[in-house]
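Trainee: Structure below; questions to follow.
Derivation of every value follows stated rules applied to the coordinates shown; laboratory data play no part. Treat the numbers as computed from the prediction; the structure is a model and nothing was measured. Note that each Cβ is placed from the backbone with ideal geometry, even for glycine, and that neighbours are counted across all protein chains shown.
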Ligand SMILES: Cc1ncc(COP(=O)(O)O)c(C=O)c1O
């Protein structure tokens, strides 16, 4: 048995799929079996595997400058170039960029910057953060507390109250509407709950609300039309900042440059990781507007430094990987191609609309999910996540990697470079796996509950 402690894994589970190599959209296990990587690893390998241009950019950077930091008085050109490039891409005025190495650490950075900023402008009481039920924002202490999935919170005793974290409704109509409630009534009810929460807590004590435009780990939830418009109206009314977590939805994933563009959100703060470097090197970014940065200058100067930074903040190799990734996105029109592939994927997935197990097909662009249910006529749910886990294994048997999220939703998030024929391959494999899963649910008498 290996000495490895596996992340986000069942410690008692011995079965492991050992991935040894990869090329394009395919990965290969230790028996040389091929799988189509329908999840881009963990929602991250936008340009697929073995991209020679990216590998060359990383190798050249390693030769030129394998490490240099950005603490007090030091800089390097890949870092500056990447910050400027990203600032020019995002819908934030005079954007400033702080680098890290993971989505979790970037969210923790935002959490700390918000406090630092509100202290600097003499509003120290403005420190609470609103997050949503079923949100996923990472697993470090602050970002883990912003995450609402029970599995990431249970037994860790995170200091939710000390961190001043508030929770409001998940905007998933399919799973959370009341009987007979229309989408508009659902939106009005949960937006009213949000406003009541804000008034109950006192708006002057709330700094920001964190939002995944479309969620990932909690089941690829696309809120109903009108939800974000109403949420933004409330947040603006009470002077609460909009913090958009684009760790999954950033960079062409949802059919546009950013998830906030797809969903019509005007962000104040943005978090990036994953596709920023197509996962060729760990790098993340916390982006804030220029006015927040300017407000902190005096305080950091009086303090000696802005006392937050990671050894690997702006690692030059990560910056070189991200710069090349963004260059390829632009030059090869990857976002446009991915948007078009997303339309094709959706059309193919619609074929499952009559499958007895498929309760909802949802998503945008190349970020999709099928929710498996026991009785689609009655809008009921399986008691646990066994059916989703079975379907995930069945896909694997047939050479397709997917991920069961939020119990029984099968997520699909293929590399942005996927072709139509590779999408057809996903559909063929998924069809077989869903048929296997149907037989399993029939045998186990799990249907029509
Ligand atoms: C929306 C979102 N935010 C933050 C994170 C955390 O990123 P990391 O795993 O790089 O810490 C994730 C990871 O999946 C995510 O999906």
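Trainee: Here are the criteria: (1) surrounded by 14 or more Cβ atoms within 10 Å (Cβ to Cβ); (2) closer than 28 Å to residue 29 by Cα; (3) more than 24 Å from the chain's Cα centre (by Cα); (4) touching a residue at least 40 places away in the same chain (Cβ under 8 Å). Tell me which single one residue 424 does not satisfy.
Mentor: Failing condition for residue 424: (1).
Trainee: Among all residue pairs at least 6 apart or on different chains, which show Cβ distances below 6 Å where the first residue, located in the stretch 1-28, is within 24 Å of residue 152 (Cα to Cα) and the second is assigned to a strand (DSSP E or B)?
Mentor: 17/29
Trainee: Tell me whether the stretch 103-120 contains one or more residues that are outside any helix (DSSP H, G or I), surrounded by 21 or more Cβ atoms within 10 Å (Cβ to Cβ) and more than 11 Å from the ligand (Cβ to nearest atom).
Mentor: no
Trainee: Go through the stretch 275-353 and tell me which helices (runs of 4 or more DSSP H), entirely inside it, have 2 or more residues that are under 14 Å from residue 415 (Cα atoms).
Mentor: 316-331, 334-349
Trainee: Can you tell me which of (1) within 16 Å of the ligand (Cβ to nearest atom); (2) touching a strand residue (DSSP E or B) at 6+ places or on another chain (Cβ under 6 Å); (3) over 22 Å from residue 102 (Cα atoms) is the one residue 241 doesn't meet?
Mentor: (1)
Trainee: Further, regarding this structure: Collect the residues in the stretch 395-421 that are within 24 Å of the chain's Cα centre (by Cα) and in a helix (DSSP H, G or I), keeping them in residue-number order.
Mentor: 395, 396
Trainee: Would you please name the residue that is surrounded by the fewest Cβ atoms within 10 Å (Cβ to Cβ), looking only at residues in the stretch 139-166 that are more than 16 Å from the ligand (Cβ to nearest atom) and outside any loop (DSSP other than H, G, I, E, B)?
Mentor: Result: 150.
Trainee: Out of the residues in the stretch 170-195 that are in a loop (DSSP other than H, G, I, E, B) and touching a residue at least 24 places away in the same chain (Cβ under 8 Å), state the one that is surrounded by the most Cβ atoms within 10 Å (Cβ to Cβ). Before the answer, list the steps.
Mentor: Of the stretch 170-195, the ones in a loop (DSSP other than H, G, I, E, B) are 170-172, 177-182.
Restricting the remaining residues to those that are touching a residue at least 24 places away in the same chain (Cβ under 8 Å) gives 170-172.
Numbers: 170: 20, 171: 23, 172: 25.
The qualifying residue surrounded by the most Cβ atoms within 10 Å (Cβ to Cβ) is 172.
Trainee: Could you check, for the stretch 375-385, whether at least one of its residues is buried (at least 22 other Cβ atoms within 10 Å of the Cβ) and in contact with a strand residue (DSSP E or B) (Cβ under 7 Å, 6 or more places away or on another chain)?
Mentor: no
Trainee: Out of the stretch 356-373, which residues are part of a loop (DSSP other than H, G, I, E, B) and touching a strand residue (DSSP E or B) at 6+ places or on another chain (Cβ under 9 Å)?
Mentor: Passing the criteria: 357, 366, 373.
Trainee: For the stretch 121-138, which residues satisfy the criterion of being away from the ligand (no atom under 15 Å from the Cβ) and within 22 Å of residue 214 (Cβ to Cβ)? Show your work before the answer.
Mentor: Our first condition is that a residue be away from the ligand (no atom under 15 Å from the Cβ); within the stretch 121-138, this holds for 121-128, 130.
Correct list: 130 only.
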